[in-house]
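Just so it is clear, none of the values below were taken in a lab; they were calculated from the coordinates. Please read all numbers here as calculations on a predicted model, not as lab measurements. Heads up, the Cβs are rebuilt from the backbone with ideal geometry, glycines too, and the neighbour counts pull from every protein chain shown.
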Amino acid sequence: MLRYALPILMALSACAPTSTTEVAQRAPGPSLNLPPMKTFSAKPRFGTSRSNAQITQDFLDLSFQMESGRKLPWMTRFSGPIKVSVNAGAPGYLERDLGQLLARLRNEARIPISRAARGEKAQIIIEAIPRKQLQRAVPTAACFVVPNVAGWAEFKSKRGRGITDWTRLNSRERATVIIPSDVSPQEVRDCLHEEIAQALGPLNDLYRLPDSTFNDDNFHTVLTGFDMLILRAYYSPELRNGMTRAEAASVLPRVFARLNPRGNFNAGRPVSGVVKEWNNAISNALAVRSTPSRRAVHATQAVKIAQASGWRDNRLAFSLFVQGRVTLGRTPEKAIAAFLQSGNIYKALYGNSVHTAHVATQMSAFALSSAQYSTAVKIVDEALPAARASENAALLSTLLLIKAEALEKSGASSQARATRLDALGWGRYGFGSERNVRARVNEVKALVPKRG
């Protein structure tokens with residue numbers, strides 16, 4: 001999978017007054033004296049609120065097509081117990097998150113997966129390499145998975161041959177997950193969740209999915225209850241290697257009726273299909289190598305397509321969210337309006353969710369830069385439960401840093417210090433190095449208006 005490398009917050013400091021531009025020129029300050037790293041305890045996530053009819057359609061669209069649009073003639077999966085190994089060079093902090101992930105896959109998806117013993121053959125190999133080296137090979141990817149190879153060296157030697165073509169597989173025998181070795185613990189964890197899930201099961205992503213990591217909006221960074229249900233169905237006894245889409249469609253209703261009995265209700269309106277023009281507009285709006293003006297044009301196009309298609313789901317909300325992000329530095333008023341619309345749609349659909357927490361980060365940053373300190377605190381407080389529940393430390397740390405600055409300016413110094421300390425602990429996990437944590441701290445501080 002080609003997982004887009006999207007920052008948690010695009011152009012955070014674009015809200016800041018122009019008088020604060022000297023921040024970037026300051027010499028490094030004293031050490032932050034970072035507190036111990038905070039980490040999440042893995043929590044089981046079961047089920048989804050959607051109907052089994054909808055989930056069946058999602059399963060078929062995820063499993064019989066790749067992100068590129070290429071069709072998969074039949075489904076493939078591993079047979080028997082699945083062993084996972086980690087090649088030399090991986091960061092030490094990978095082990096804890098990998099262990100938690102494998103435990104969740106065993107308990108929630110009921111997949112027989114575990115760490116390979118020393119010298120034991122592994123079906124899934126994890127290899128960590130420097131990010132620059134990874135992106136020289138696949139420029140648009142934060143991490144990816146490739147079949148039929150056992151590590152980076154073999155991938156390079158066999159790349160471009162049919163051996164590494166997912167559409168030519170008859171079954172899955174071996175796959176290598178390539179992740180960056182020099183990024184934050186959270187980025188490593190996110191890659192493990194997304195790429196191991198695709199090594200095991202579906203290879204496609206669908207923007208229409210509101211509660212899944214199989215979605216390039218990157219709001220969900222750890223496997224959700226929906227994802228575990230999809231993977232459990234993927235390895236159910238009713239399905240097998242070589243099944244066509246039609247064959248899978250004939251048995252999936254009874255698979256999901258058994259695995260997800262609460263989903264046996266009327267689906268309502270059928271799910272609309274993929275609109276290629278919208279997908280292209282979103283991809284171009286998020287293209288980091290494009291110019292701001294071109295990205296803004298594509299974001300506006302995505303909003304228009306979503307509206308013309310009659311969508312009132314997360315695709316329209318995400319179109320508006322992207323429009324807000326790419327126009328923030330050029331037309332702040334337009335960006336804030338887009339964020340407000342996006343947040344309202346997300347809240348109407350899902351309540352206070354990870355989606356609204358991402359919008360809240362932008363809105364609280366704007367409130368802080370406008371000296372609306374009590375408003376910034378209120379927005380952050382409403383978003384914090386969803387940020388914690390989603391296990392997104394970078395998002396959580398950013399929200400807490402915004403709150404700390406707002407509290408400081410409101411005169412609540414002791415509360416600000418405690419909040420900032422909490423933010424720094426999560427920042428160590430979400431951003432990694434002290435340099436990266438300091439950068440986010442300085443970005444948030446730069447939002448605060450200067451006297452006079």
Please state the Cα pair-distance histogram of the range 316-367 with 10 angstrom bins from zero: what percent is in each bin? 30, 59, 10, 0
Mean Cβ-within-10 Å packing, highest first, puts peptides 70-78, 194-202 in the order 194-202, 70-78
Taking the Cβ of R440 as the center, what net charge do the other residues with Cβ under 13 Å away carry, scoring Lys and Arg +1 and Asp and Glu -1? +2
Got the relative contact order for the range 52-263 handy, in percent, Cα pairs under 8 Å and 6 or more residues apart? 29
Give me the orientation-averaged projected area of the Cα convex hull of the chain, in nm², one decimal. 21.7
Counting only Cα, what are the radius of gyration and maximum Cα-Cα distance Dmax of the range 342-452, in Å? 13.3, 42
Would you list which lysines come within 17 Å of K409, measuring only between C-alpha atoms, while excluding same-chain residues fewer than 8 positions from it? K378, K445, K450
Can you compute the charge dipole magnitude of the range 52-263 about its Cα centre, using +1 on each Lys and Arg Cβ and -1 on each Asp and Glu Cβ, nothing else charged? Give it in debye, rounded to the nearest 20. 700
Of I125, I163, A446, farthest towards positive along the dipole that unit charges on Lys, Arg, Asp, Glu beta carbons give the chain: I163
Using the Cα centre as the reference, give the magnitude of the dipole from point charges on the C-beta atoms of the chain (Lys, Arg: +1; Asp, Glu: -1; all else neutral), rounded to the nearest 20 debye. 300
Placing +1 on each Lys and Arg Cβ and -1 on each Asp and Glu Cβ in the chain, then taking the dipole about the Cα centre, the residue among A357, L320, A387 whose Cα reaches farthest towards the positive end is L320
16 Å cut-off, amide nitrogen to a point 7 angstrom out along N436 Cα→Cβ, residues in the range 51-93: 90-93
Just flag the chymotrypsin sites (Phe, Trp or Tyr not before Pro) in the range 81-187 sitting in loop per DSSP whose Cβ has no more than 16 other Cβ atoms within 10 Å. none
Just to confirm a number: summing +1 for Lys and Arg and -1 for Asp and Glu over residues other than R131 whose beta-carbon lies under 10 angstrom from that of R131, what do you get? 0
Any chance you could check the Cα centroid distance between the range 139-217 and the range 260-329 for me, in angstrom? 24
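Report, in listed order, any pair from K132/K156; K38/K132; K43/K403; K121/K158; K347/K403; K276/K304 with a Cα-Cα distance greater than 18 Å.
Among K132/K156; K38/K132; K43/K403; K121/K158; K347/K403; K276/K304, the Cα-Cα distance tops 18 Å for K38/K132; K43/K403; K121/K158; K347/K403.
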Helix-only CD estimate at 222 nm, as mean residue ellipticity for the chain, using -39500 (n - 2.57) per DSSP H run (n ≥ 4): -15500 deg cm²/dmol
Placing unit charges on C-beta atoms (Lys and Arg positive, Asp and Glu negative, everything else neutral), compute the dipole magnitude of the range 388-446 about its Cα centre in debye, rounded to 20. 100
Can you give me the relative contact order of the chain as a percent, contacts being Cα pairs under 8 Å and 6 or more apart? 21
